[in-house]
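Structure record follows, encoded as structure tokens.
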Amino acid sequence: MKSPGTVGEALRQRGISRREFLKFCSVVTSLLTLPPTMAPVMAQAIAAARRQSVIWLSFQECTGCTESITRSHSPSLENLIFDLVSLDYHHTLQAAGGDAAEHAREQAMKDNAGKYLLIVDGSIPMKNAGYSTIAGISNYDMLVETAKGAAAIVAVGTCATYGGLPKADPNPTGAVSVADIIKDKPIINVPGCPPIPVVMTGVLAHFLTFGKIPELDAKGRPKAFYGETIHDRCYRRPFYDQGKFATSFDGETARRGWCLFELGCKGPVTYNACATTKWNDGTSFPIQSGHGCIGCSEPNFWDEGPLYKALSMPVSAVQGTLGAAAVVGAVTGAAVTWHNRGKKAGAKAAHEPVTVDQLKRESK
């Protein structure tokens, strides 16, 4: 069978109907917070697009990002997009090895100069080139060489976006992020340890449709997926607003679904789509499974305080100040609790800050 040149040809070869494809595009536009009228526009643009050449480089990483994007429910949005790009180089998934593998990367760079999409997972060691090499080439040299002809770079996973665990104190390899090295190419940061599959493929869908990177926040993350904190959309948020916090992972308060803030949840200061997009085909996410967010899509999450210690109020253990909404929620929750118990605060008390200890006592 002739290799498909466009996505539309590939769809027809795979027996995917226009109706099925439009349904897929409708879901993608929703995930990207685009208006419903964009679905047929996206369908037309993707169908006419040539298969996007993708070169995926893996450096100091655990393969978790690859595991994430490949372990998706089938058929799925992730698999559909992933199958229809031309994945020309990937350390884990490619069949070729040795010289043949490196020749495939070089050929893809030559044939698609200025057009291929470079995906990178893993941090880059800077203290010693020998810490991590591929085919005798240091991570730094391979990144710089491959980035030259890329149309854009997608840094997937917290290691590639911020340095991740390899950068954690004392950072023996001198690990840095992609953006610390590459300064002349558009970079899309898709942090997470690992990122949600549909977030990674949603970025690919946007690039296929519009031929450009999506709108990014101040940290280079797609606003469609990282525009709100996990806390903003968490189903446990009403309990937080009421000042009701779980006191243990296996106690009665946890079984009631109370907020995990007191157990160290970093949801109020972590921007990601976990609470809405979720994992495993929308089945669940860590908080829904009973474990607080550890803030893995934020810089330096591993070094920013104990994972099971509550954020301080009003100063956050992760990134300086806790969001205004979280402060208001905590204060409101405490006020509701006090009101229900018939307590009346004096004028002096009204001007005193609400502490975590107070919230904990009043929620019991």
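When each of the peptides 249-257, 38-46, 103-111 is scored by how many other beta carbons lie within 10 Å of its residues on average, the order from highest to lowest is 38-46, 103-111, 249-257. Beta bridges assigned by DSSP with both partners in the stretch 52-226 are antiparallel in approximately 25 percent of cases. Across the stretch 52-226, C-alpha contacts under 8 Å between residues 6 or more apart give a mean separation that, scaled by the residue count, equals a relative contact order of 24 percent. As a ratio to 2.2 N^0.38 Å, the alpha-carbon radius of gyration computed for the stretch 52-226 takes the value 0.96. A protection proxy built from the mean count of other Cβ atoms within 10 Å ranks the segments 170-181, 154-165, most packed first, as 154-165, 170-181.
Readers should treat all values here as calculations from the given coordinates under stated rules, not as data from a laboratory. Treat the numbers as computed from the prediction; the structure is a model and nothing was measured. Here Cβ is always computed from backbone atoms with ideal geometry, including for glycine, and neighbour counts include all displayed protein chains.
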